[in-house]
Each structure stands twice: as C-alpha cells, then as structure tokens.
Amino acid sequence: MKMIGIGDNGANSLLPQYREWIEQCDVLVGGERHLAFFPHFTGEKLVIKGGLKALVATLQQETRNVVILASGDPLFYGLGSVLAKKLSLELFPHTSSVQLAFSKMQDSWQDAYVTSVHGRPMKGLAQKIDGRKKVAILTDETNSPNAIATYLKAFGMTEYDAFVAENLEGEDERCRYLTLDEMENADFSPLNVVILKQRVPVQRATMGIDDDSFIQRKPEKGLVTKKEIRVLSLHALALQENSVAWDIGTCTGSVAIEMAKQAREGQVYAIEKNELDLENCIQNQHLHRVDLTAVLGKAPARLDEFPDPDAIFIGGTGGNMEQLLEVCVRRLKPNGRIVINLATIENFADALKFLKALHCEVNFIQASISRSKPILNLTRLQPLTPIFILTAQKIIENDGESE
C-alpha cells in the first residue's frame, strides 16, 4: 500500500513513477479534490470523508493494490502520521505547503516555528508564538488569515507582518505581503499558509512578572500572588512545556499566566469565584500575551470540565479544603504535583493532614521575604506576609495504582 503526496497542480506535481503507480492501482483513495485530478482513472475511487476509523478498518481488510493521495508531505500535519500506525505503508512525500510558501517568500525556514490551527482551536496560540521571530501557520476556513489577524491584535502582537500564500502550485496561486490590518480585511482562498515575521524584535517576559504589571481589583489591591512567592511556587510545580495545569482561585491570573508561559505547548485552566477578579484575569491574559481557559465558579464545582492535570496550583480553597483536595488528588495524573500557598497556621495544618490522609508525599517551606524600600536617603526592609508553600506529589505504586 502506497501513500503519495500531491501538490495543488495535480498529476503535474508527480514523478512519472508515481503516476504509473496510480494508473496501475486497483483502489485510489483521497479527498474529493485529490481524486478529481484523475478523471480517467478506471479503478475504484474511495473518498476520504469525516473520521478515519471506518477508512482504516476498510483498508486493513483490503487485499488489492491501493494508492492513497494526500496533500504535500503526508507526515507533516497530514494523514500519514495516523495511517502509518495502523497500516503497512510506503510513503512518498511531495513538498510541504510550508516549504513552498517560504520558497515563494524567498526566506529560510529552518529557524521558523511551525504550528497548525487547521481543524483545531486557536486557543493557546498567543503563548506558543510569543517572542518567535518567524512563524508559519496552517489555516482552515474558520481559523482564516482574517481570524488570525484579529486574534493577534487582541493580544497586542502587532510586531508581526504577514505573508499569505494561497493555492500554491495551483492555477489561482497568489502570494502577498500584508500588514495585520490588511490581512484582517482581505479576501483569501480557503487553501493558504500564513507566515508571520517580526517587523521589530519583541522579547518574551522572563519568569517573575512584576506585581504592578497585573491589573488588580481597585481600590482594594494586593489580591495577587507576590512575585517572589509566585516564582517559588512555579518552581515547585515542575511544569514541562506540554503540561496540563490548573490554577484554583486564580484571582488576577498571575500564576495561571506564568504557568501558560512555561507550559506554552500544553494547556492551562483556571477557576475564580469572584466575577470582577475573573474579568481582571481575562484582561491580564491579553496584556501578557497568554490565552488560557478561565471560568467563573467555586472549586471543586466545574473542575469536571477540565482535563486531568499534571500540576495544580491552589491559591485559595474557599473554605472547603478537604473536599477540594480529595477531588484534586483523584484527578491528578500519576506523579503529578499540587502546590498550595497558605498564610495561616490552621489552614496549613489542615492541608498537611488531608494530603497525608490521601497518601501524598508532602514537603513544604515557609517563605519570609522582605523587599527593599527607600526611606529618605536610606533603605529599609519591608516584609511580605510569610507564606507556607506546600508541595504534594501523587505517589504511584509499581502496579500503577495510587497508594
């Protein structure tokens, strides 16, 4: 069984050997657009529509000579990566759409960050591309160049100009340089690739964003996890680039935002019971170029809407600590971590007791931090509220079950 990559100019994009294989096969598989390139094919045509489960089942039983057509490089955001795991395939790639787009742009692409919003949500794109000098994006009709431009402007990512390559190698091929404003309002073919390139360099924020950089509740301030405590807590969470993380009691969103910057290829979910604080959290996301999921509610309510996490930060328990910790430990992935900030001895003692009863491995530090503050021509130290930073790890026995 062979899988052949094909360009938008149809049979003309193929080597003579590939065309011969197609002419000689019994079953030709592909999308309607691909199959239309071969109107004189006399064998059976099988159209790829909807999910791949039925297609895989059919092809696993097929004993005839089969050729599958796929756009560009089938292993580049294509069918190849899925079908190769289920079928015995020989793969013959064509030039990928991204490679073709960069060739039209006459620019290198080994230093580009490549991602796709084709058939998937745009959620999280902001933190994925923040600070990247060159970005290539595969699109679809919903997540179009227009939608991408609107999205980038909402997150203040106006340092980018765009190059849009449409219908590559096809009769209606068109390639254009555009500003974000122009891209937001232009018309495009559904088949396109967007390349973003920084017009001016922009650096990502490092860990430990200043407290005053977050929009906070007024006139009452201080409802933000202080920078020094935030950095210690993030370190304790041990996030990976693709981690799934929760922030419970997110308030201004300071921890969730820094989580998303660390786990930029993962997913971050936050919950906050105060509607005004949640509004601030959403504004702070746009301000700090982070696009995470934040919902209104009092945990553990609504946590069933989130996927199982690798890490959980708890900034506030809302007075139902035991129930909340039971849900968190149960949902936490094997060897995942829970980090809790606690300001009172009583709450610390309760958290320690509950987590040990849930068979977690627990350790903690107390952080007593002071900041320098000028007084006349001198300097004094102004203390922050001492905080217990408690870390619990879900321990898994050798048989794969939690203790």
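The strands (runs of 3 or more DSSP E) found wholly in segment 93-171 include none carrying at least 3 residues that are touching a Pro at 6+ places or on another chain (Cβ under 7 Å).
Checked against the criterion of being within 26 Å of Gln267 (Cα to Cα), more than 27 Å from the chain's Cα centre (by Cα) and loosely packed, with under 14 Cβ neighbours inside 10 Å, segment 339-352 has no qualifying residue.
The residue that is nearest to Ile137 (Cα to Cα), among those in segment 198-235 that are outside any loop (DSSP other than H, G, I, E, B) and open to solvent by 80 Å² or more (accessible area, probe 1.4 Å), is His235.
Collect the residues in segment 174-223 that are small (Gly, Ala, Ser) and either in contact with a strand residue (DSSP E or B) (Cβ under 7 Å, 6 or more places away or on another chain) or touching a residue at least 12 places away in the same chain (Cβ under 8 Å) (or both), keeping them in residue-number order. Once the filter is applied, which keeps residues that are small (Gly, Ala, Ser) and either in contact with a strand residue (DSSP E or B) (Cβ under 7 Å, 6 or more places away or on another chain) or touching a residue at least 12 places away in the same chain (Cβ under 8 Å) (or both), segment 174-223 yields Ala186, Ser189, Ala205, Gly208, Ser213.
Step by step: first the residues of segment 272-310, then only those that are open to solvent by 40 Å² or more (accessible area, probe 1.4 Å), of a type in the set (A, V, I, L, M) and more than 19 Å from Pro121 (Cβ to Cβ), then the one that is nearest to the chain's Cα centre (by Cα). Which residue is that? Within segment 272-310, the match that is nearest to the chain's Cα centre (by Cα) is Leu287. For segment 341-371, residues that are closer than 24 Å to Gln382 by Cβ and part of a strand (DSSP E or B) total 7. One residue stands out in segment 311-335 among those that are under 17 Å from Val268 (Cβ atoms) and in a helix (DSSP H, G or I): the one that is farthest from the chain's Cα centre (by Cα), namely Cys328. When you look at Leu89, is it closer than 30 Å to Thr139 by Cβ and open to solvent by 30 Å² or more (accessible area, probe 1.4 Å), yes or no? Considered against the rule, which asks whether it is closer than 30 Å to Thr139 by Cβ and open to solvent by 30 Å² or more (accessible area, probe 1.4 Å), Leu89 comes out as yes.
The values are calculated or read from the model by the stated rules, or taken from the named source; none is laboratory data. A quick note: this is a predicted structure, and the numbers were derived from the prediction, not measured. With ideal geometry, Cβ positions are generated from the backbone for all residues, glycine too; neighbour counts draw on all protein chains shown. Remember, those area values only see protein heavy atoms, side chains included, never the ligands or the DNA or RNA. Shrake-Rupley method; radii C 1.70, N 1.55, O 1.52, S 1.80 Å.
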